[in-house]
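The values are calculated or read from the model by the stated rules, or taken from the named source; none is laboratory data. These numbers come from a predicted model, not from an experiment. Methodologically, a virtual Cβ is constructed for each residue, glycine included, from the backbone with ideal geometry; neighbour enumeration extends over all protein chains shown. Keep in mind that these areas ignore ligands, DNA and RNA; they rest on the heavy atoms of the full protein, side chains included. Shrake-Rupley method; radii C 1.70, N 1.55, O 1.52, S 1.80 Å.
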Amino acid sequence: TVAGIIVLLLDELLNKGYGLGSGISLFIATNICEAIVWKSFSPITVQTDQGPEFEGSLIALVHLLITRPNKIGALQQAFYRSGWPNINNLLATILVFLIVIYFQGFRVDIAVKSAKVRGHSQAYPIKLFYTSNIPIILQSALVSNLYFLSQLLFKKFRGNFLVRVLGQWQEVEMGSYSVPVGGIAYYISPPRSVMDLFYDPLHIILYVTFILGTCALFSKTWIQVSGSSARDVAKQLKDQDMGIQGYRDSNIEKRLNKYIPIAASFGGV
């Protein structure tokens with residue numbers, strides 16, 4: 001199929017050193033692109049506060065402009081409708097993609113030399129996204145497990161105080177799925193629309209703080225358990241009879257510590 005050919009071509013680009021760096025990233029990017037296309041062009045009809053509309057944000061925009069006599073109201077509904085994909089979500093996703101692509105090229109090249117071959121030197125790159133997408137994967141797994149536990153407990157013991165502190169849930173669309181409306185689960189869930197910035201600014205602040213904090217923490221933890229910390233990299237260079245130009249072997253780890261922990265933290269954020 002066409003999708004399979006595109007994935008193969010992307011895999012070739014990754015093998016040649018382009019892109020985000022691994023097959024896992026490729027499949028994650030493919031799933032994200034699929035979700036973006038579906039939420040932009042989905043022809044499914046859904047029931048909203050303003051009546052039946054298309055699920056896809058772009059199709060809904062065209063449909064609302066054609067069918068609604070109030071064009072300004074139609075634009076507001078397409079940009080700010082709550083609970084379903086809207087144009088603001090699409091524009092925010094595109095902006096995040098552009099920012100990530102821009103910062104992907106940020107890196108520090110450390111000149112390393114061979115102890116065996118005189119005059120042979122090369123660059124050891126330390127990218128800003130040092131831990132790639134691992135922090136957000138771990139953070140997503142943490143939130144998913146918390147959501148699952150909170151929903152399970154709320155269905156069984158919704159009157160319990162501690163359960164309600166953990167999360168309060170409300171069924172929507174005739175019970176097809178639930179959304180958090182209170183408790184910890186609500187404040188670590190993404191806002192539904194831009195208007196939440198004005199209606200519930202505390203939610204936005206706590207959500208952003210939680211995301212940035214957990215991703216930075218997971219990023220710094222990951223370099224310790226994955227063998228990519230400054231100490232591990234210094235050991236790998238010594239095992240390959242490599243060293244940093246202008247530094248003794250005993251100072252390699254100290255030199256790497258100036259960049260790797262910072263790159264891991266900022267990359268996670």
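Filtering the stretch 235-265 to residues that are within 11 Å of Val112 (Cβ to Cβ), part of a helix (DSSP H, G or I) and open to solvent by less than 20 Å² (accessible area, probe 1.4 Å) leaves Leu237, Ile252, Leu256.
Across the stretch 54-75, what is the number of residues that are surrounded by 15 or more Cβ atoms within 10 Å (Cβ to Cβ) and either within 21 Å of the chain's Cα centre (by Cα) or part of a helix (DSSP H, G or I) (or both)?
9
Taking the criterion of being more than 23 Å from Pro125 (Cβ to Cβ) and either among the β-branched types (Val, Ile, Thr) or open to solvent by 50 Å² or more (accessible area, probe 1.4 Å) (or both), would at least one residue in the stretch 216-230 satisfy it? Checked the stretch 216-230: at least one residue is more than 23 Å from Pro125 (Cβ to Cβ) and either among the β-branched types (Val, Ile, Thr) or open to solvent by 50 Å² or more (accessible area, probe 1.4 Å) (or both).
Yes/no matrix, rows are residues, columns are (1) small (Gly, Ala, Ser); (2) crowded, with 17+ Cβ neighbours inside 10 Å; (3) touching a residue at least 60 places away in the same chain (Cβ under 8 Å):
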| position | (1), (2), (3) |
| --- | --- |
| Ser114 | yes, no, yes |
| Phe129 | no, yes, yes |
| Gly182 | yes, no, no |
| Ile188 | no, yes, no |
| Leu197 | no, no, no |
| Asp200 | no, no, no |
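Residues satisfying the criterion are present in the stretch 101-110 (criterion: exposed (fewer than 11 other Cβ atoms within 10 Å of the Cβ), farther than 29 Å from Asp249 by Cβ, in contact with a strand residue (DSSP E or B) (Cβ under 9 Å, 6 or more places away or on another chain) and free of Cβ contacts under 8 Å to residues at least 40 places away in the same chain). Scan the stretch 66-100 residue by residue and report those that are among the charged types (D, E, K, R) and in contact with a strand residue (DSSP E or B) (Cβ under 9 Å, 6 or more places away or on another chain). Within the stretch 66-100, Arg81 is the sole residue that qualifies.
Of the residues contained in the stretch 78-89, one or more are found to be of a type in the set (A, V, I, L, M) and over 20 Å from Lys127 (Cα atoms). Cβ-Cβ distances below 7 Å connect no pair with a first residue in the stretch 153-178 that is modelled with pLDDT of 90 or more, a second residue that is open to solvent by 100 Å² or more (accessible area, probe 1.4 Å) and among the aliphatic types (A, V, I, L, M), and a separation of six or more residues or different chains.
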